[in-house]
Amino acid sequence: MKDKLKEIDRYLDKFRFKEKGVEDRKIYAEVLDLRTLKALYKLSAKGYIKALGGVISTGKEANVFYADGHFECEDVPIAVKIYRIETSEFYRMDEYLFGDRRFDLRRISKKDLIFIWAEKEFRNLERAYESDVRVPKPYVHYRNIILMEFLGEDEIPAPTLADIGLELKELVDMEKLFDEVINNIKKLYKRAELVHADLSEYNIVLFKDRPYLIDMGQSVLIDHPYARSYLERDLRNVLRFFSKFGIKADLEALIDEITAV
């Protein structure tokens, strides 16, 4: 165990940390296993990551960090999303993988499912971004790591609708915001042929007064066996949240509008 901790520390020594991120080095050591650190170092050695920054969020399935990145010949702020290889919660995600025709899961180990999940989120982001859905721009993925556009300013992540709560009505036109959220769900379905499948105020970010959909690992193709029920659940969550601001819409009419050929 001591030897493993020493090797983790040696790998951390190879990274450049931003001044603000030095204090987060301990968190990197605590939440990242050695295999993930090696994969992260490969991305850094390729020039994608110039300096690691602070923690954006930590969770049971994934951790997200800020970093200075370099893509398309320019320096850009990026979010580094890292799925935990060892997690007790990942079994709950099986239903979103099985039934997805893009992946053959017949000979996949439990550990490899994490890598498939990260690839799935990256590919979902690509489909959505290319379809003009407001999502973080995906840059690259490797094993259980995704590098994507950082939504925020001065290394501070943009808040979710849940973070802002009832103060939203003082920041934006709620009718317009609702219409934009629905329009993004519609484009996600009609153009990208995806259903978010876990949409709520907790994974809609307000960035520069516009809504962005995040956390798309569970998103499924529209031919998934449960796609329609996921869409209905997404819309129920959105309608429940916006009803707090006096905005109402008919669920069945929205479903018909989104799914109409």
Within the chain, which whole H helices from DSSP have a Cα span along their axis of at least 15 Å and a mean Kyte-Doolittle hydropathy of -1.0 or more, if any?
34-45, 110-130, 174-190, 227-243
For the stretch 170-246, state which trypsin sites (Lys or Arg not before Pro) are in a DSSP loop and have at most 16 other beta carbons lying within 10 Å of their beta carbon.
Arg191, Lys208, Lys244
Residue farthest toward the positive end of the dipole of the chain, with Cβ of Lys/Arg at +1 and Asp/Glu at -1: which of Ile258, Ile247, Val55?
Val55
Just to be sure I follow the definition: excluding the sites themselves, where is the longest run in the chain that has none of the GluC sites (Glu not before Pro) in a DSSP loop with at most 13 other Cβ atoms within 10 Å?
90-261
Seen from all sides and averaged, what is the projected area of the convex hull of the Cα atoms in the stretch 9-69, in nm²?
3.8 nm²
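What size of dipole, in debye to the nearest 20, comes out for the chain about its Cα centre when the only charges are +1 on Lys and Arg C-beta atoms and -1 on Asp and Glu C-beta atoms?
Charge dipole of the chain: 1120 debye, to the nearest 20.
Among the trypsin sites (Lys or Arg not before Pro) in the stretch 35-89, which ones are in a DSSP loop with at most 15 other Cβ atoms within 10 Å of the Cβ? Mind listing them?
Counting only loop positions with at most 15 other Cβ atoms within 10 Å, the trypsin sites (Lys or Arg not before Pro) in the stretch 35-89 are Lys46, Lys60.
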Compute the relative contact order of the chain as a whole-number percentage, counting only Cα pairs closer than 8 Å that sit 6 or more residues apart in sequence.
14 percent
Projected-area mean, the stretch 202-253, by convex hull of Cα positions, square nanometres:
4.5 nm²
GNM top mover of Leu235, Leu34, Leu52 - the chain, alpha-carbon springs below 10 Å
Leu34
Under 12 Å, Cβ to Cβ, from Asn144 - net charge with Lys/Arg +1 and Asp/Glu -1
+1
So how much accessible area does Val55 have, in Å² to the nearest 10, using a 1.4 Å probe?
50 Å²
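Over 28 Å, how big is the tail of the calculated P(r) for the stretch 91-223, in percent of all Cα pairs?
Tail of P(r) above 28 Å: 20 percent of Cα pairs.
The values are calculated or read from the model by the stated rules, or taken from the named source; none is laboratory data. Please read all numbers here as calculations on a predicted model, not as lab measurements. All Cβ positions, even for glycine, are placed from backbone atoms using ideal geometry, and neighbour counts span all protein chains on display. Heavy atoms of the whole protein, side chains included, go into the accessibility calculation; ligands, DNA and RNA do not. Shrake-Rupley method; radii C 1.70, N 1.55, O 1.52, S 1.80 Å.
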